[in-house]
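The values are calculated or read from the model by the stated rules, or taken from the named source; none is laboratory data. Only a predicted model underlies this, so the values are computations on that prediction, with no experimental measurement involved. Cβ sites come from the backbone with ideal geometry, for glycine too, and all protein chains shown count toward neighbours. Side chains included, ligands, DNA and RNA excluded: accessible areas come from the protein's heavy atoms. Shrake-Rupley method; radii C 1.70, N 1.55, O 1.52, S 1.80 Å.
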Amino acid sequence: MSELIRDTAVFVNLNALKYNLSQIKNMYSNKVHVMAVIKANAYGHGDIEVSKAFMDAGAEYLAVATLSEALALRQIYSNYPLFILGHTPDRLLGMVAENNITQTIFSFSQAKILDDICFGKNIKAKVHLKVDTGFHRLGCVDKEELLSICRLRNLEVEGIFSHLALVNEEENLKQYNLFLKVTEFLENKGIRFRYKHISDSISAVDYPEYSLNMIRPGAILYGLKGFHKGELDVIPALEFVSHVSQIRNISKGEGVGYDFLWRAPTDTLIGTLPFGYADGYPRNLMNKGYVTIFGKKCPIIGVICMDQCMVDLSSVPEAQEGSRAIIYGDGKNNTMSIDEAAKLAGTNKNEIVSRISARPPRIYI
Ligand SMILES: *Cc1c(COP(=O)(O)O)cnc(C)c1O
(Lines give C-alpha, C1' and ligand atoms only; values in the text may rest on other atoms or scores of the structure.)
Protein backbone atom coordinates (compact mmCIF):
# COMPACT_ATOMS: atom_id res chain seq x y z
CA MET A 1 0.00 0.00 0.00
CA SER A 2 3.06 2.25 0.08
CA GLU A 3 2.05 4.31 -2.97
CA LEU A 4 -1.51 4.77 -1.77
CA ILE A 5 -2.88 7.98 -0.35
CA ARG A 6 -5.05 6.04 2.03
CA ASP A 7 -4.99 2.84 4.10
CA THR A 8 -8.51 1.83 3.11
CA ALA A 9 -8.99 0.83 -0.51
CA VAL A 10 -11.03 -1.28 -2.89
CA PHE A 11 -9.08 -3.79 -4.97
CA VAL A 12 -10.76 -4.77 -8.21
CA ASN A 13 -9.74 -7.83 -10.19
CA LEU A 14 -10.24 -6.92 -13.84
CA ASN A 15 -9.65 -10.49 -15.00
CA ALA A 16 -12.53 -11.66 -12.83
CA LEU A 17 -14.79 -9.09 -14.50
CA LYS A 18 -13.72 -10.23 -17.95
CA TYR A 19 -14.16 -13.86 -16.97
CA ASN A 20 -17.69 -13.20 -15.73
CA LEU A 21 -18.63 -11.42 -18.93
CA SER A 22 -17.25 -14.23 -21.06
CA GLN A 23 -19.13 -16.76 -18.93
CA ILE A 24 -22.49 -15.23 -19.73
CA LYS A 25 -21.53 -14.83 -23.39
CA ASN A 26 -20.52 -18.48 -23.55
CA MET A 27 -23.72 -19.56 -21.87
CA TYR A 28 -25.46 -18.05 -24.89
CA SER A 29 -22.82 -19.36 -27.34
CA ASN A 30 -22.18 -15.71 -28.24
CA LYS A 31 -25.63 -15.51 -29.79
CA VAL A 32 -26.98 -12.55 -27.81
CA HIS A 33 -25.72 -9.00 -27.61
CA VAL A 34 -24.53 -7.98 -24.17
CA MET A 35 -25.29 -4.58 -22.72
CA ALA A 36 -23.05 -4.48 -19.64
CA VAL A 37 -24.61 -2.48 -16.83
CA ILE A 38 -22.07 -0.16 -15.22
CA LYS A 39 -24.37 2.25 -13.40
CA ALA A 40 -23.59 3.48 -9.88
CA ASN A 41 -19.86 3.62 -10.57
CA ALA A 42 -19.97 0.06 -11.92
CA TYR A 43 -21.65 -1.19 -8.74
CA GLY A 44 -18.94 0.50 -6.71
CA HIS A 45 -16.08 -1.06 -8.69
CA GLY A 46 -15.18 2.13 -10.60
CA ASP A 47 -16.88 2.73 -13.95
CA ILE A 48 -14.04 4.06 -16.07
CA GLU A 49 -11.72 1.07 -15.63
CA VAL A 50 -14.49 -1.48 -15.44
CA SER A 51 -15.94 -0.24 -18.75
CA LYS A 52 -12.62 -0.89 -20.39
CA ALA A 53 -12.54 -4.45 -19.07
CA PHE A 54 -16.06 -5.13 -20.32
CA MET A 55 -15.35 -3.59 -23.73
CA ASP A 56 -12.26 -5.77 -24.04
CA ALA A 57 -14.31 -8.81 -23.11
CA GLY A 58 -16.87 -8.10 -25.81
CA ALA A 59 -19.72 -6.06 -24.34
CA GLU A 60 -21.44 -4.32 -27.26
CA TYR A 61 -23.12 -1.68 -25.15
CA LEU A 62 -22.54 -0.05 -21.76
CA ALA A 63 -25.54 0.98 -19.69
CA VAL A 64 -25.79 3.61 -16.97
CA ALA A 65 -28.74 4.97 -15.03
CA THR A 66 -28.27 8.71 -15.46
CA LEU A 67 -27.08 11.36 -17.88
CA SER A 68 -24.36 12.46 -15.46
CA GLU A 69 -22.92 8.95 -15.46
CA ALA A 70 -23.11 8.79 -19.25
CA LEU A 71 -21.37 12.14 -19.74
CA ALA A 72 -18.45 11.18 -17.50
CA LEU A 73 -17.91 8.04 -19.57
CA ARG A 74 -18.42 9.81 -22.87
CA GLN A 75 -15.45 12.08 -22.06
CA ILE A 76 -13.19 9.03 -21.93
CA TYR A 77 -14.81 6.73 -24.48
CA SER A 78 -15.82 9.05 -27.27
CA ASN A 79 -17.52 6.53 -29.53
CA TYR A 80 -18.57 3.50 -27.55
CA PRO A 81 -22.32 2.77 -27.50
CA LEU A 82 -23.68 4.15 -24.22
CA PHE A 83 -27.22 3.70 -22.99
CA ILE A 84 -29.17 5.57 -20.30
CA LEU A 85 -31.57 3.13 -18.62
CA GLY A 86 -33.37 5.85 -16.68
CA HIS A 87 -35.23 9.07 -17.29
CA THR A 88 -33.44 12.13 -18.62
CA PRO A 89 -35.38 15.32 -17.87
CA ASP A 90 -36.69 17.13 -20.97
CA ARG A 91 -34.44 20.15 -20.36
CA LEU A 92 -31.35 17.92 -20.66
CA LEU A 93 -32.29 15.91 -23.72
CA GLY A 94 -30.14 18.13 -25.92
CA MET A 95 -27.05 16.82 -24.14
CA VAL A 96 -28.05 13.28 -24.93
CA ALA A 97 -28.24 14.09 -28.63
CA GLU A 98 -25.04 16.14 -28.72
CA ASN A 99 -23.04 13.43 -27.01
CA ASN A 100 -24.29 10.52 -29.09
CA ILE A 101 -25.82 8.79 -26.09
CA THR A 102 -28.71 6.36 -26.55
CA GLN A 103 -31.70 7.32 -24.44
CA THR A 104 -34.61 5.41 -22.92
CA ILE A 105 -37.84 6.94 -24.22
CA PHE A 106 -41.27 6.19 -22.82
CA SER A 107 -43.54 8.98 -24.01
CA PHE A 108 -44.33 10.83 -27.21
CA SER A 109 -43.80 14.20 -25.53
CA GLN A 110 -40.20 13.31 -24.61
CA ALA A 111 -39.61 11.87 -28.05
CA LYS A 112 -40.93 14.98 -29.77
CA ILE A 113 -38.67 17.26 -27.73
CA LEU A 114 -35.65 15.16 -28.66
CA ASP A 115 -36.79 14.99 -32.27
CA ASP A 116 -37.10 18.79 -32.47
CA ILE A 117 -33.64 19.24 -30.98
CA CYS A 118 -32.20 16.82 -33.52
CA PHE A 119 -33.99 18.57 -36.39
CA GLY A 120 -32.44 21.88 -35.32
CA LYS A 121 -28.96 20.39 -35.18
CA ASN A 122 -29.39 18.17 -38.21
CA ILE A 123 -28.47 15.03 -36.27
CA LYS A 124 -30.26 11.84 -35.30
CA ALA A 125 -30.56 10.58 -31.74
CA LYS A 126 -30.63 6.89 -30.94
CA VAL A 127 -33.34 5.74 -28.58
CA HIS A 128 -34.72 2.51 -27.14
CA LEU A 129 -38.44 2.46 -26.39
CA LYS A 130 -39.37 1.30 -22.93
CA VAL A 131 -42.55 -0.72 -22.66
CA ASP A 132 -44.29 -0.98 -19.30
CA THR A 133 -45.27 -4.64 -19.14
CA GLY A 134 -46.27 -4.52 -15.49
CA PHE A 135 -43.31 -3.41 -13.39
CA HIS A 136 -44.81 0.10 -13.41
CA ARG A 137 -41.53 1.92 -12.99
CA LEU A 138 -40.82 3.50 -16.40
CA GLY A 139 -42.47 2.61 -19.66
CA CYS A 140 -45.30 3.17 -22.08
CA VAL A 141 -48.33 0.89 -22.41
CA ASP A 142 -49.92 2.58 -25.40
CA LYS A 143 -49.02 0.86 -28.69
CA GLU A 144 -50.23 3.76 -30.82
CA GLU A 145 -48.12 6.20 -28.83
CA LEU A 146 -45.08 3.98 -29.37
CA LEU A 147 -45.86 3.81 -33.06
CA SER A 148 -46.02 7.59 -33.33
CA ILE A 149 -42.59 7.79 -31.65
CA CYS A 150 -41.23 5.36 -34.25
CA ARG A 151 -42.49 7.63 -37.01
CA LEU A 152 -40.53 10.68 -35.86
CA ARG A 153 -37.93 11.39 -38.52
CA ASN A 154 -35.00 12.60 -36.47
CA LEU A 155 -34.87 9.69 -34.05
CA GLU A 156 -33.31 6.35 -34.72
CA VAL A 157 -35.44 3.91 -32.76
CA GLU A 158 -32.71 1.35 -32.37
CA GLY A 159 -34.25 -0.83 -29.69
CA ILE A 160 -37.23 -1.75 -27.58
CA PHE A 161 -37.11 -3.12 -24.07
CA SER A 162 -38.86 -3.85 -20.82
CA HIS A 163 -37.99 -5.09 -17.35
CA LEU A 164 -39.25 -8.12 -15.43
CA ALA A 165 -40.48 -7.84 -11.86
CA LEU A 166 -39.36 -11.47 -11.31
CA VAL A 167 -42.36 -12.23 -9.12
CA ASN A 168 -42.80 -15.81 -10.34
CA GLU A 169 -42.82 -17.76 -13.60
CA GLU A 170 -46.43 -16.97 -14.32
CA GLU A 171 -45.96 -13.21 -13.94
CA ASN A 172 -42.72 -13.31 -15.94
CA LEU A 173 -44.50 -15.05 -18.78
CA LYS A 174 -47.34 -12.52 -18.70
CA GLN A 175 -44.87 -9.65 -18.92
CA TYR A 176 -42.87 -11.35 -21.65
CA ASN A 177 -45.95 -12.12 -23.74
CA LEU A 178 -47.18 -8.55 -23.42
CA PHE A 179 -43.77 -7.33 -24.56
CA LEU A 180 -43.92 -9.63 -27.60
CA LYS A 181 -47.42 -8.44 -28.41
CA VAL A 182 -46.39 -4.78 -28.40
CA THR A 183 -43.24 -5.50 -30.37
CA GLU A 184 -45.10 -7.53 -32.98
CA PHE A 185 -47.71 -4.82 -33.36
CA LEU A 186 -44.96 -2.34 -34.21
CA GLU A 187 -43.14 -4.77 -36.47
CA ASN A 188 -46.35 -5.42 -38.36
CA LYS A 189 -46.42 -1.70 -39.07
CA GLY A 190 -43.01 -1.98 -40.66
CA ILE A 191 -40.87 -0.88 -37.71
CA ARG A 192 -37.60 -2.79 -37.29
CA PHE A 193 -35.66 -2.98 -34.03
CA ARG A 194 -32.01 -3.83 -33.99
CA TYR A 195 -32.13 -4.73 -30.29
CA LYS A 196 -34.87 -6.22 -28.14
CA HIS A 197 -34.20 -6.88 -24.49
CA ILE A 198 -35.91 -7.71 -21.21
CA SER A 199 -33.38 -9.72 -19.15
CA ASP A 200 -31.23 -8.52 -16.26
CA SER A 201 -28.73 -10.83 -14.52
CA ILE A 202 -31.23 -13.07 -12.82
CA SER A 203 -33.44 -13.57 -15.82
CA ALA A 204 -30.45 -14.00 -18.13
CA VAL A 205 -29.34 -17.00 -16.08
CA ASP A 206 -32.68 -18.38 -14.86
CA TYR A 207 -34.82 -17.72 -17.95
CA PRO A 208 -32.70 -17.91 -21.10
CA GLU A 209 -35.93 -18.32 -23.06
CA TYR A 210 -36.56 -14.57 -22.53
CA SER A 211 -33.22 -13.38 -23.80
CA LEU A 212 -34.47 -12.09 -27.21
CA ASN A 213 -31.33 -10.77 -28.91
CA MET A 214 -29.83 -8.70 -26.08
CA ILE A 215 -29.38 -9.06 -22.32
CA ARG A 216 -28.59 -6.42 -19.69
CA PRO A 217 -26.58 -8.11 -16.96
CA GLY A 218 -25.20 -6.12 -14.06
CA ALA A 219 -24.77 -8.07 -10.82
CA ILE A 220 -23.43 -11.29 -12.32
CA LEU A 221 -20.67 -9.42 -14.13
CA TYR A 222 -19.36 -8.44 -10.69
CA GLY A 223 -19.60 -12.01 -9.47
CA LEU A 224 -22.77 -11.44 -7.47
CA LYS A 225 -25.07 -14.44 -7.78
CA GLY A 226 -28.76 -13.71 -7.35
CA PHE A 227 -30.11 -16.43 -9.63
CA HIS A 228 -31.93 -19.50 -8.35
CA LYS A 229 -32.77 -21.93 -11.16
CA GLY A 230 -29.85 -21.68 -13.50
CA GLU A 231 -26.13 -22.06 -12.84
CA LEU A 232 -23.27 -19.89 -13.94
CA ASP A 233 -19.79 -19.89 -12.50
CA VAL A 234 -18.86 -16.28 -11.79
CA ILE A 235 -16.26 -14.92 -9.41
CA PRO A 236 -16.34 -11.89 -7.11
CA ALA A 237 -14.09 -9.13 -8.39
CA LEU A 238 -13.84 -6.89 -5.36
CA GLU A 239 -11.84 -6.91 -2.16
CA PHE A 240 -12.36 -4.10 0.35
CA VAL A 241 -9.28 -3.75 2.52
CA SER A 242 -8.04 -1.58 5.37
CA HIS A 243 -5.03 -1.47 7.71
CA VAL A 244 -4.87 -1.16 11.49
CA SER A 245 -4.19 2.42 12.65
CA GLN A 246 -3.67 1.82 16.36
CA ILE A 247 -3.59 -1.07 18.80
CA ARG A 248 -3.91 -1.01 22.56
CA ASN A 249 -5.03 -2.98 25.59
CA ILE A 250 -8.05 -1.86 27.51
CA SER A 251 -9.09 -3.06 30.92
CA LYS A 252 -12.13 -5.05 31.89
CA GLY A 253 -15.18 -2.76 32.19
CA GLU A 254 -13.85 0.05 29.99
CA GLY A 255 -16.15 1.30 27.25
CA VAL A 256 -15.36 1.75 23.57
CA GLY A 257 -16.76 4.37 21.21
CA TYR A 258 -19.79 6.66 21.37
CA ASP A 259 -22.03 6.00 24.36
CA PHE A 260 -19.72 3.14 25.39
CA LEU A 261 -22.11 0.78 23.65
CA TRP A 262 -19.47 -1.92 24.01
CA ARG A 263 -17.68 -2.58 27.27
CA ALA A 264 -14.75 -4.91 27.68
CA PRO A 265 -15.96 -8.10 29.43
CA THR A 266 -12.34 -8.79 30.28
CA ASP A 267 -8.98 -7.14 29.59
CA THR A 268 -8.98 -6.89 25.78
CA LEU A 269 -6.61 -6.10 22.93
CA ILE A 270 -8.40 -3.77 20.53
CA GLY A 271 -7.54 -2.17 17.20
CA THR A 272 -8.77 0.91 15.40
CA LEU A 273 -9.36 0.80 11.66
CA PRO A 274 -9.64 3.79 9.30
CA PHE A 275 -12.98 3.04 7.66
CA GLY A 276 -16.54 3.89 8.61
CA TYR A 277 -19.99 4.50 7.28
CA ALA A 278 -18.84 7.40 5.08
CA ASP A 279 -16.90 4.79 3.11
CA GLY A 280 -20.17 2.98 2.55
CA TYR A 281 -19.85 0.41 5.30
CA PRO A 282 -23.29 -0.24 6.81
CA ARG A 283 -23.55 1.41 10.21
CA ASN A 284 -26.16 -1.14 11.19
CA LEU A 285 -23.48 -3.85 11.22
CA MET A 286 -22.77 -2.86 14.81
CA ASN A 287 -22.65 -6.06 16.87
CA LYS A 288 -22.59 -8.12 13.65
CA GLY A 289 -19.71 -6.97 11.46
CA TYR A 290 -16.15 -8.21 11.55
CA VAL A 291 -12.93 -7.83 9.62
CA THR A 292 -10.42 -10.56 8.89
CA ILE A 293 -6.83 -10.18 10.05
CA PHE A 294 -4.32 -12.99 9.47
CA GLY A 295 -7.23 -15.24 8.52
CA LYS A 296 -9.06 -14.69 11.81
CA LYS A 297 -12.37 -12.95 12.37
CA CYS A 298 -12.12 -9.78 14.49
CA PRO A 299 -15.56 -8.51 15.57
CA ILE A 300 -16.32 -4.82 15.25
CA ILE A 301 -17.01 -3.47 18.73
CA GLY A 302 -19.15 -0.47 19.63
CA VAL A 303 -20.66 2.07 17.31
CA ILE A 304 -19.28 2.30 13.77
CA CYS A 305 -18.13 5.90 13.33
CA MET A 306 -18.17 7.95 10.14
CA ASP A 307 -14.50 7.32 9.35
CA GLN A 308 -13.28 4.71 11.80
CA CYS A 309 -14.30 1.70 13.79
CA MET A 310 -12.80 -0.49 16.51
CA VAL A 311 -12.33 -4.24 16.51
CA ASP A 312 -11.62 -6.89 19.11
CA LEU A 313 -8.19 -8.38 18.40
CA SER A 314 -8.40 -11.20 20.95
CA SER A 315 -8.17 -13.82 18.18
CA VAL A 316 -5.02 -12.26 16.67
CA PRO A 317 -2.61 -11.16 19.43
CA GLU A 318 0.09 -11.06 16.72
CA ALA A 319 -1.71 -8.18 14.91
CA GLN A 320 0.27 -4.98 14.65
CA GLU A 321 -0.32 -1.41 13.67
CA GLY A 322 -0.35 -1.59 9.86
CA SER A 323 -1.68 -5.15 9.70
CA ARG A 324 -3.97 -5.80 6.76
CA ALA A 325 -7.67 -6.19 7.53
CA ILE A 326 -10.11 -7.53 4.97
CA ILE A 327 -13.49 -5.82 5.19
CA TYR A 328 -15.17 -7.67 2.30
CA GLY A 329 -13.53 -10.63 0.62
CA ASP A 330 -14.60 -13.65 -1.39
CA GLY A 331 -15.93 -15.47 1.68
CA LYS A 332 -12.96 -17.80 1.88
CA ASN A 333 -10.44 -17.80 4.75
CA ASN A 334 -12.92 -16.34 7.20
CA THR A 335 -13.58 -13.24 5.11
CA MET A 336 -16.99 -11.63 4.88
CA SER A 337 -18.49 -12.13 1.44
CA ILE A 338 -20.73 -9.51 -0.14
CA ASP A 339 -23.56 -11.98 0.29
CA GLU A 340 -22.93 -12.31 4.02
CA ALA A 341 -22.62 -8.53 4.43
CA ALA A 342 -25.95 -8.13 2.64
CA LYS A 343 -27.67 -10.67 4.87
CA LEU A 344 -26.24 -9.17 8.07
CA ALA A 345 -27.15 -5.63 7.02
CA GLY A 346 -30.63 -6.68 5.93
CA THR A 347 -30.22 -5.64 2.32
CA ASN A 348 -29.14 -7.08 -1.03
CA LYS A 349 -25.72 -7.58 -2.58
CA ASN A 350 -26.13 -4.79 -5.13
CA GLU A 351 -26.71 -2.27 -2.35
CA ILE A 352 -23.63 -3.40 -0.42
CA VAL A 353 -21.28 -2.83 -3.37
CA SER A 354 -22.92 0.23 -4.90
CA ARG A 355 -22.92 2.07 -1.58
CA ILE A 356 -19.13 1.84 -1.23
CA SER A 357 -18.43 5.53 -1.54
CA ALA A 358 -15.95 7.37 -3.73
CA ARG A 359 -13.59 7.97 -0.80
CA PRO A 360 -11.67 4.69 -0.77
CA PRO A 361 -9.40 4.61 -3.84
CA ARG A 362 -9.98 1.82 -6.38
CA ILE A 363 -6.91 -0.23 -7.20
CA TYR A 364 -7.02 -2.37 -10.33
CA ILE A 365 -5.16 -5.64 -10.49
C1 LIG B 1 -29.79 -2.12 -13.05
C2 LIG B 1 -30.54 -2.63 -14.21
C3 LIG B 1 -30.18 -3.84 -14.82
C4 LIG B 1 -29.10 -4.75 -14.26
O5 LIG B 1 -29.61 -5.38 -13.12
P6 LIG B 1 -28.84 -6.59 -12.38
O7 LIG B 1 -29.87 -7.18 -11.51
O8 LIG B 1 -27.71 -6.00 -11.63
O9 LIG B 1 -28.38 -7.51 -13.45
C10 LIG B 1 -30.87 -4.22 -15.96
N11 LIG B 1 -31.87 -3.46 -16.46
C12 LIG B 1 -32.25 -2.30 -15.89
C13 LIG B 1 -33.35 -1.52 -16.50
C14 LIG B 1 -31.62 -1.86 -14.74
O15 LIG B 1 -32.01 -0.71 -14.18
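A few comments on the model shown:
- Put the Cα centre of the range 314-357 next to the Cα centre of the range 245-282 and the gap is 17 Å.
- If R0 equals 41 Å, the separation of the Cβ atoms of residue 261 and residue 48 corresponds to a calculated FRET efficiency of about 0.55.
- 0 to 90° range, to nearest 10: angle between helix 108-121 axis and the chain longest Cα axis: 80 degrees
- Rounded to the nearest 20 debye, the dipole magnitude of the chain is 480 debye, with +1 charges on Lys and Arg beta carbons, -1 on Asp and Glu beta carbons, and the Cα centre as origin.
- Most tightly packed first, judged by the mean number of other beta-carbon atoms within 10 Å of their residues, the peptides 210-221, 86-97 read 210-221, 86-97.
- Put a dot 7 Å past the Cα of residue 123, heading toward its Cβ, do the same for residue 136, and the two dots end up 3.8 nm apart.
- In range of the label at residue 95: residues from the range 71-87 whose backbone nitrogen is under 18 Å from the point 7 Å along Cα→Cβ: 71-79, 82-87
- Only Lys, Arg (+1) and Asp, Glu (-1) charged, at Cβ; the range 71-161 dipole about Cα centre in debye: 180 debye
- Here the peptides 58-64, 21-27 are ranked by packing, the mean other Cβ count within 10 Å, and the order with the highest first is 58-64, 21-27.
- When the alpha carbon gyration tensor of the range 142-249 is reduced to an equivalent ellipsoid, the three semi-axes, largest first, read 40, 18, 12 Å.
- With both residues required to sit in the chain, DSSP beta bridges show an antiparallel share near 50%.
- The residue among 201, 301, 251 whose Cα reaches farthest toward the positive pole of the charge dipole of the range 201-308, with charges on the beta-carbon of Lys, Arg, Asp and Glu, is 251.
- Net charge, residue 299 excluded, C-beta distance under 11 Å - Lys, Arg +1, Asp, Glu -1: +2
- Of every Cα-Cα pair in the range 21-174, the percent that sits beyond 23 Å: 42 percent
- The candidates 35, 306, arranged from most to least accessible area with a 1.4 Å probe in the full protein assembly, appear as 306, 35.
- Relative contact order (%) - the chain, alpha-carbon pairs under 8 angstrom, separation at least six: 17 percent
- Farthest toward the positive end of the dipole of the chain, out of 26, 230, 325, is the Cα of 26, where the dipole comes from beta carbon charges about the Cα centre.
- For the range 283-365, the normalised intensity computed at q = 0.24 Å⁻¹ comes to -1.41 (log10 of I(q)/I(0), Debye sum over alpha carbons, equal scatterers, no solvent).
- Note on residue 121: aspartates and glutamates with a C-alpha under 17 Å away, same-chain residues under 8 apart excluded, are 90, 98, 156.
- Accessible surface, per residue, of the range 207-272 when the full set of protein chains is kept, probe 1.4 Å, Å²: 46 Å²
- Estimated translational diffusion coefficient (Stokes-Einstein, Kirkwood radius over Cα pairs, 4 °C, 1.567 mPa s) of the chain: 58 µm² per second.
- Summarising the overall dimensions of the range 226-365 from its C-alpha atoms, the Rg and Dmax are 15.4, 52 angstrom.
- Distance (nanometres) between label positions extended 7 Å along Cα→Cβ at residue 5 and residue 189: 5.3 nm
- Helix 67-76 and the long axis of the chain differ in direction by around 90°, with both axes built from C-alpha atoms.
- Cα point-scatterer Debye curve for the range 146-195, base-10 log of I(q)/I(0) at q = 0.13 Å⁻¹: -0.36
- Carbon plus sulfur fraction of accessible area for the range 211-273, probe 1.4 Å, in percent: 49 percent
- Structure-based [θ]222 nm, the chain - -39500 (n - 2.57) summed over DSSP H runs of at least 4, per residue, nearest 500: -8500 deg cm²/dmol
- Segments 309-319, 256-266, 127-137 sorted - mean Cβ within 10 Å per residue, highest first: 127-137, 309-319, 256-266
- Cα lying deepest toward the dipole's positive end in the chain, options 78, 360, 4, charges on Cβ: 78
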